[in-house]
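Only one structure is covered here, and it is reproduced in the block below.
The values are calculated or read from the model by the stated rules, or taken from the named source; none is laboratory data. Because the structure is predicted, anything quoted here is derived from the model rather than measured. All Cβ positions, glycine included, derive from the backbone under ideal geometry; neighbour counts span all protein chains shown. We work out accessible area using only protein heavy atoms, side chains counted, and drop any ligands, DNA or RNA first. Shrake-Rupley method; radii C 1.70, N 1.55, O 1.52, S 1.80 Å.
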Amino acid sequence: MMKILVLPGDGIGPEVTEQAVRVLRWFIAHRGLEASVEERSFGLINWQRYGTMMPEETWARIEEADAILFGATGTLDQGMVPPEERRKGSLLRIRKALDLFANLRPVRMSNALLEASPYKPRVVQGVDLVILRELTGGMYFGTPRGVEGAAPDRVGINTHRYSEAEIARAARFAFQLARSRRNHVTSVDKANVMEAGALWREVVSAIHAAEFPDVVLEHMLVDNAAMQLARMPRRFDVILTDNLFGDVLSDAAGAILGSLGMLPSASLNADGSRALYEPVHGSAPDIAGRGIANPLGAILSVALLLRWSAKRAEDAALLEAAVEAALRAGARTADIAAPGEEAIGTRAMGDAVLAQLTGRPNRS
Ligand code: IPM
Ligand code: MG
C-alpha cells in the first residue's frame, strides 16, 4: 500500500489541494488504487499553531511517505519567522533531504485554452514540452552563501556549483524521458560565461555520446532559450536545465498556457521511491481563501503521481483526458477565462473534472 502524505501549505494551497485530494480519492474508490492518504499542515500555520515551522512528527511523515502531494508555500508574513525556523519548514529542505533532483514540469497546450493564451494560436497550438529542472543543486544550494559585512558595505553571496555526478544524473533522466516522447533534448546552460555551464555542456554531451546516441541533443544558451520559448515553443520536447534556469524558464513556459494555474510538477529521486507532486503556481496570497483559484495544476499533479509513483499510466491518461474534457465542456476558472467567458470557482472546477471521471467505467 502506497503512503501518500498531503501537505496543503499556505495561501491557496489548501483550496486547490482539497480538489486534488477529492480526485485522488476517486481513484482509490473506483480504480483500485491502493494508497493511504494522510494530511499534515505545513508552513506558516505550523508556526502559529506549534511555534515551529516543522513539528518533528510531520518531518517523520515526510521522510517515510512514498509520495507527497504538496499545495503551495510562502506568504509575506513568513518574514516574521526567524530564518533557521523558516529553513526547517522550507520546501527546499524537503527536496534536498529526499534527494528529489529530477523536477518535471510538463507544459501541454490544450486546444480548449487557445483563447486564454497571451500568444497567437498559431504559435502555441500543439505545444507539448517538458522541462527537466535539476532541483537539488546549483545556485539555490551552493555554498558559500549569505550576507557578509556591515551596511552600507554588505555583500550578498550565492554560489552556483555543480558536480559532474549531479549533472550526469539529471542528463540521464532527461534522455530517458525523451525516449518515451519525441526523442529530442535541448540542454540549456550559460556555457559562454559560466565555468559551471561549460562543465554542464561537456558532461551532457559525453553522456549523450556514450549512452544515448539515438536521442537528438541540442545545446542552447539560456537567454536564447527564453526567447525561443516565446517565439517557437513547439520546437521543444525535453528541456534539460539547472535549478535556477529551470525555475525561471518554467514560469516563462507557463505563460504559454496563459496561467501558471494549469501547470503540474513532479519531483523525483533516483529510483522513484520518493516523490513530491505540486502545482507550479505559488501561494497567491492575494486570492487566498476566496475559492477562485484554479485547482487544475494540483489535479494534474495527481495525474503525475499516478504515472510516476503509482506506475498507473492508464489512470494518469484517464485523469488528463478528464481535465481536457472539462475544459472542452467550458469549465474555466478566472485565470483561464477569455474575456467575456463566465468563470467558475475552485470547487466547481473540481466538480467538473469529477463529473468527467464518473462518466467512465470502473475497474473491476
Ligand atoms: C518553484 C518555486 C520555488 C522555487 C520557491 C517557492 C522556493 O518558485 O517551485 O518554482 O524557487 O523552486
Ligand atoms: Mg518557481
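Just subtract the alpha-carbon distance of Ala317 and Ala206 from 0.36 nm times their residue separation and send over the number in nm, one decimal.
36.5 nm
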* Asked: Say the dipole of the chain comes from +1 at the beta carbon of Lys and Arg and -1 at that of Asp and Glu; which of Ile12, Ala310, Met54 then lies farthest toward its positive end?
  -> Ala310
* How big is the gap, in Å, between the Cα center of the range 107-186 and the Cα center of the range 295-331? -> 22
* Roughly speaking, what is the stretch gain from Arg234 to Arg154, that is 0.36 nm per residue apart minus the C-alpha to C-alpha distance, in nm to one decimal? -> 24.4 nm
* To do: With r as the distance between the Cβ atoms of Glu195 and Val147 and R0 = 22 Å, compute the FRET efficiency 1/(1 + (r/R0)^6) and round to 0.05.
  => 0.35
* To do: For the chain, set up a Gaussian network in which alpha carbons nearer than 10 Å are linked by springs, and say which option among Asp335, Asp77, Asp66 fluctuates the most.
  => Asp77
* When the chain is modelled as a GNM with alpha-carbon springs shorter than 10 Å, which of Val193, Val23, Val204 fluctuates the most? -> Val193
* Counting only protein heavy atoms, what percent of the accessible surface of the chain is carbon or sulfur at a 1.4 Å probe? -> 53
* To do: Work out the FRET efficiency for Ala355 and Val216 from their Cβ-Cβ distance, taking R0 = 45 Å, and round it to the nearest 0.05.
  => 0.65
* Please work out the average accessible area per residue across the chain, using the 1.4 Å probe convention, and give it in Å². => 43
* Asked: Between Ala97 and Glu342, what is the FRET efficiency for a Förster distance of 35 Å, r being their Cβ-Cβ separation, to the nearest 0.05?
  -> 0.20
* To do: Would you mind counting up the charge near Pro144? Only other residues with Cβ under 15 Å from its Cβ, with Lys and Arg at +1 and Asp and Glu at -1.
  => +2
